[in-house]
Amino acid sequence: MTGQWSRDASTPPFIDLVPIEGATGARKELYDEMERVRGPGRVSNLFKAYAAFPALAKANFQRLMVLLSQGNLSVKFKEAVMTALAEANKCDYCVSFHATALRNAGASDEEVAAALEFDPDRIGLSEKEKALFNYALKANGDPHSIVPADIEEVRRKGASDSDLVETLETVNTGNSFNLINGALNVGADDFLSYMKGRGEIWKKSA
């Protein structure tokens, strides 16, 4: 599987990423809301791309906020899953973004590395979340490969119907962001510094 590292770094994004100071109308309303929630200047390039369709961008941001602020599962778990998915999908921007968010959720550098290595036992998760991490990665690889035994395993660890849906929505969210960033050649945000350049590692090991 190729990823963003396979592109020439000098190639610009394929659509216009309107800067904060250039936003008007519905796009500006979205940017203002993101700055209110995330802080001044924190409008990610992902949502600058999404903002080409402002109503969809707003809906996706609201959906993301629900996923991260509600439910039974920890933000650390969700960001660990999205970090792992970014690694699997070879989205270097997404690795940097979600690894940063994972660290902000309390993970150590060693725990971030464990997520990149798809090892839930070293991320500092509960037993239930460890089982759901493995479930998430299996569902991501092939949702039709999930069998009753997989559900029984996470149930034994205490997972509810709500936990299963929350986990799969985390997978869905991570993958949709990886897709947008890769297919539109969206580069990493200027405000990111952690885990940047992951693509160079993939390129050397390919």
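Bear in mind that the values in this text are calculations on the coordinates, not laboratory data. All of these numbers come straight from a predicted model, not from anything done at the bench. Glycine gets a Cβ as well: all are built from the backbone with ideal geometry, and neighbour counts include every protein chain shown.
Charge tally for LEU17 (other residues, Cβ to Cβ under 13 Å; Lys, Arg +1; Asp, Glu -1): -2. Counted as membrane-span-like here are DSSP H helices of the chain whose alpha-carbon atoms extend 15 Å or more along the helix's own axis and whose Kyte-Doolittle mean is -1.0 or above; these are 54-69, 75-88, 92-104, 127-141, 161-183.
Within straight-line reach of LYS48, meaning a Cα separation under 18 Å, sit the following lysines at least 8 residues removed in sequence or on another chain: LYS28, LYS58. Taking the helices alone, the chain has a mean residue ellipticity at 222 nm of -19000 deg cm²/dmol, built from -39,500 (n - 2.57) per DSSP H run of at least 4 residues and averaged over all its residues.
Subtracting the Cα-Cα distance of LYS157 and SER69 from 0.36 nm times their residue separation leaves 29.4 nm of extension gain.
Candidate cross-link partners of LYS128 among the aspartates and glutamates, defined by an alpha-carbon separation under 16 Å and a same-chain spacing of 8 or more, comprise GLU79, ASP119, ASP150, GLU152, GLU153, ASP161, ASP163, GLU166.
Across the options ALA115, ALA188, GLY71, the greatest Cα extent toward the positive end of the charge dipole of the chain (unit charges at beta carbon of Lys, Arg, Asp, Glu) belongs to ALA188.
Under a no-solvent Debye model with one identical scatterer per Cα of the stretch 46-89, what's log10 I(q)/I(0) at q = 0.20, 0.21, 0.25 Å⁻¹? Summing over Cα pairs of the stretch 46-89 leads to -0.76, -0.81, -0.91. Diagonalising the gyration tensor over the Cα atoms of the stretch 18-70 and scaling each eigenvalue by 5 before taking the square root yields semi-axes of 17, 12, 9 Å, largest first. Listed values (1) 19.7, 63; (2) 17.1, 53; (3) 20.3, 83 include one computed from this model; for Rg and Dmax of the Cα atoms in Å that value carries the label (2). Note on ASN172 and SER108: with the Förster distance fixed at 45 Å, the Cβ-Cβ geometry gives a FRET efficiency of about 0.95. Highest GNM mean-square fluctuation among ASP142, ASP16, ASP121, for the chain modelled with Cα contacts below 10 Å: ASP142. Listed by chain and number, the lysines placed with their C-alpha closer than 18 angstrom to that of LYS130 are LYS76, LYS78, LYS138, LYS157; residues fewer than eight positions away on the same chain are left out. For the pair ASP150 and ARG38, the difference between a 0.36 nm per residue extended length and the Cα-Cα distance amounts to 36.7 nm.
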